[in-house]
Amino acid sequence: MRRAAVVIAMGAATLAACFIKPEPPGAGGDGGGPSDSSPPLTCIRDDFESSAGSACGTWGTGSGTLMRSAGELHAEITSGLDVSGCQSAKFNFTEPVALKIRLASPLMQDRVFFLVTLPGSPQASVKLEIYNGNLYLYCPVLEIQVPYLPTTHQYLRFSASTGQDMVTVFAHYSPTGASWNLIGECVHTNVSQLGAELRFAVGAGVGGAPRGAVFDDLTTTAGSCP
């Protein structure tokens, strides 16, 4: 059964305006995670070649069944696990950040999430989700939906543009990771900080044999990576 489309419920006075401009083909819902008091990261990059630190590398915290294999991160779900994936500590999410990931093998009976959470008033999330043959873009109160094409939507990216108490998050897709096509954009007001958290994961269906998704090429364009 599909979950509700709205990821974050907001009061009218502090509602984050969300403007979406879909371009075919192109686009929720699992939000955020615990806050982290560590210093903001200046870079998140992982080709998953090394298992140093953890399955999620040194930048993030893993949950569920995760394994690195042949330069890819394999996230697996079982009937006893609801979500398997990685979540970052806080990092700076300011222009010209562009955060991308490659989906090497999402399976259609599961939900695959790619989520950025912006601390603000109230907290707001922008999420791409693959579920039941469709790609969804979720802003706090609106969504768009297009048919999911594994080759066309192999790479997904979030980028940000900042203004006074405002962050605009753009969602893109690419078949190659070189040139990008806009899925839509979400304008968030009342954002008091420019930190953010990243989460990507695969969520369980109901019962059955272990299933999952494969992630690769996690990068940001900001900061200095080792």
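The values are calculated or read from the model by the stated rules, or taken from the named source; none is laboratory data. Given the structure is predicted, the values throughout are model-derived calculations rather than measurements. Because the Cβ atoms are built from the backbone with ideal geometry, glycine has one as well, and the counts that use them run over all protein chains shown.
Results, tabulated for the structure shown:
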read-out	value
Only one of GLU49, GLU129 that is under 12 Å from the mean Cα position of the chain (by Cα), of a type outside the set (A, V, I, L, M, F, W, C) and either assigned to a loop (DSSP other than H, G, I, E, B) or modelled with pLDDT of 90 or more (or both)	GLU129
Residue among VAL187, VAL146, VAL214 that is part of a strand (DSSP E or B), modelled with pLDDT of 75 or more and in contact with a Pro (Cβ under 7 Å, 6 or more places away or on another chain)	VAL146
Residues that are crowded, with 23+ Cβ neighbours inside 10 Å, at pLDDT 90 or above and over 13 Å from ALA98 (Cβ atoms), drawn from segment 149-172	HIS153
